[in-house]
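Written below as C-alpha cells is the structure these notes are about.
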Amino acid sequence: MVIRITNQMTSNLMLTNMNKNLSNIYSTYEQITSGKKFSSMGENPIDGTKIMKYNKELGQLGDWSKNIASAKDELSQSYDTLGQVEENLQRINELTLEAANSFNSPESFNAIRDEIIQRTQAIAQLANTKYQDKYIFAGGNTSSIPYALDDDLNVTYSGTAQDGDWERNIEISEGVTIPLNVNGEQVFGDENGGIFATLKQLTDALEGPDVDVKEINACLDPIQAGIKNVTAAQGTISSRVQRLDATKSINESLSLGLTEMKSNIQDTDLAEASTALIMYQTALQASLQAGASIMQQASLLNYI
C-alpha cells in the first residue's frame, strides 16, 4: 500500500513541530524568569506534593522560631527584673545589718526605715512587671495584677498559687515545650510568708521610739533567703535561655536542609535552562527553514 504525502500533511507536520518548539521555548522562558521549574501541582504532581510537605514543615519551623524569639524576650525581661529585685534586697540587707546595731540614733533608725519602705514599694512594682499585656510573675493568671501593697506594707497576692497550674509553656520544637515564667509566689511570697511578709515585719520593728533590735536581727536570715530565691530563679531562667539557643540552632539547621531540598526540586538551574532555550530556539528556526523549503518545493511541483 502506497501512502501519498499530501501538502496538507506536510503543513500539519510543520505546524506541529513549530508549536512544540514554541511551547518548549515559552516553558523554558517562564522557568528562567520565575526561577521555578513549575508553577502548579498539575505540571509535576510528585514534586509538587514534596514541596507542599516541605512548605508545611518550614512553616512550623518559622512558628517555632517566632516562639523562641518571644520566649527569649520575656525571659530576658524576667531576668533583668529579678536583677533589680536582688539589688534592692541587697541594699535592704545592708540596712538591716546597720539597724541591728543598737547604737543607732532615732534619726538613723527613721532614715533606715524610710529607705526600706521605699525599696519595698520598688520591689512590689517590680513584682508586677508586665511583658506585653501579661504580668510575668502572676503564674497562669496573667491578666490580674499579682501584688497589691497598701500603705502599711500589707501585701495581697492574686496570682496562681505554688501548688496550682502556674506554669505557662510555649512550643519550641516538635513535641518540645519550655516554661516562660518562674513561680512568683516562690520568689516574693504572699500575705502569709515570703519576702514581703519579712519586710513588713522589719519595718514594724523599726517603727516608734522603742526599736526592737532582736526582731530586726530575726529578719536577716529571711532576707538573705529571699536573695537566694531570686538568684535561683535567675539561674533557672539562664538555663532556659541556653536551651532556647540550642533549640534555635537545631531548628535553623533543619530549616536550611529543608530549604535546600525544596530548592533542588523547585528552583530553575539557570545555566541548564539557558542552554535548553538556545537549543529550542535553534530547533524552531530549523523547523521554519525546513518548512519553507518543503512548501516552496511543493509549489513548484504543482506549477509543473
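Every number here is computed from the coordinates shown, using simple stated rules; none is lab data. Bear in mind the structure is a predicted one, so any value in this text is a computation, not a measurement. In this analysis, Cβ positions are derived from the backbone assuming ideal geometry, glycine residues included, and neighbour counts consider all displayed protein chains.
Ordered by residue, what ³J(HN,Hα) values in Hz, to whole numbers, does the stretch 228-243 give under the Karplus form 6.51 cos²θ - 1.76 cosθ + 1.60, where θ = phi - 60° and Gly and Pro are x?
Result, ordered by residue: 5, 4, 5, 5, 5, 5, 5, x, 4, 5, 4, 5, 5, 5, 4, 5 Hz.
Under 18 Å Cα-Cα from K50, which aspartates and glutamates qualify once same-chain neighbours fewer than 8 residues away are excluded?
E260, D267
Restricting things to alpha carbons, find the Rg to Rh ratio for the stretch 52-260 using the Kirkwood radius for Rh.
On the way: Rg = 21.4 Å, Rh = 18.9 Å.
With Rg and the Kirkwood Rh in hand, the quotient comes to 1.13.
Could you tell me the distance between the Cα centroids of the stretch 198-261 and the stretch 109-125, to the nearest Å?
20
Does the stretch 67-111 come out rounded, prolate or oblate by the C-alpha gyration tensor, with a ≥ b ≥ c the root eigenvalues, rounded set by a/c under 1.5 and, if not, prolate when a/b is larger than b/c and oblate if not? Please report the intermediate quantities before stating the final value.
On the way: a/c = 9.83, a/b = 5.02, b/c = 1.96.
Here the stretch 67-111 falls in the prolate category.
Give me the dipole magnitude in Debye, nearest 20, for the stretch 52-260 about the Cα centre, with unit charges on the beta carbon: positive for Lys and Arg, negative for Asp and Glu.
Working: 16 positive and 33 negative charges, 187 e Å.
Magnitude of the dipole: close to 900 debye.
Multiplying the sequence separation of N192 and E115 by 0.36 nm and subtracting their Cα-Cα distance, what value in nm do you get?
Values: separation 77, 0.36 × 77 = 27.72 nm, distance 2.34 nm.
Between N192 and E115, full extension yields an extra 25.4 nm.
I need to check one value: relative contact order of the stretch 52-260, counting alpha carbon pairs closer than 8 Å and at least 6 residues apart, in percent. Please report the intermediate quantities before stating the final value.
Values: 281 pairs, mean separation 54.5, N = 209.
Dividing the mean separation by the residue count of the stretch 52-260 yields 26 percent.
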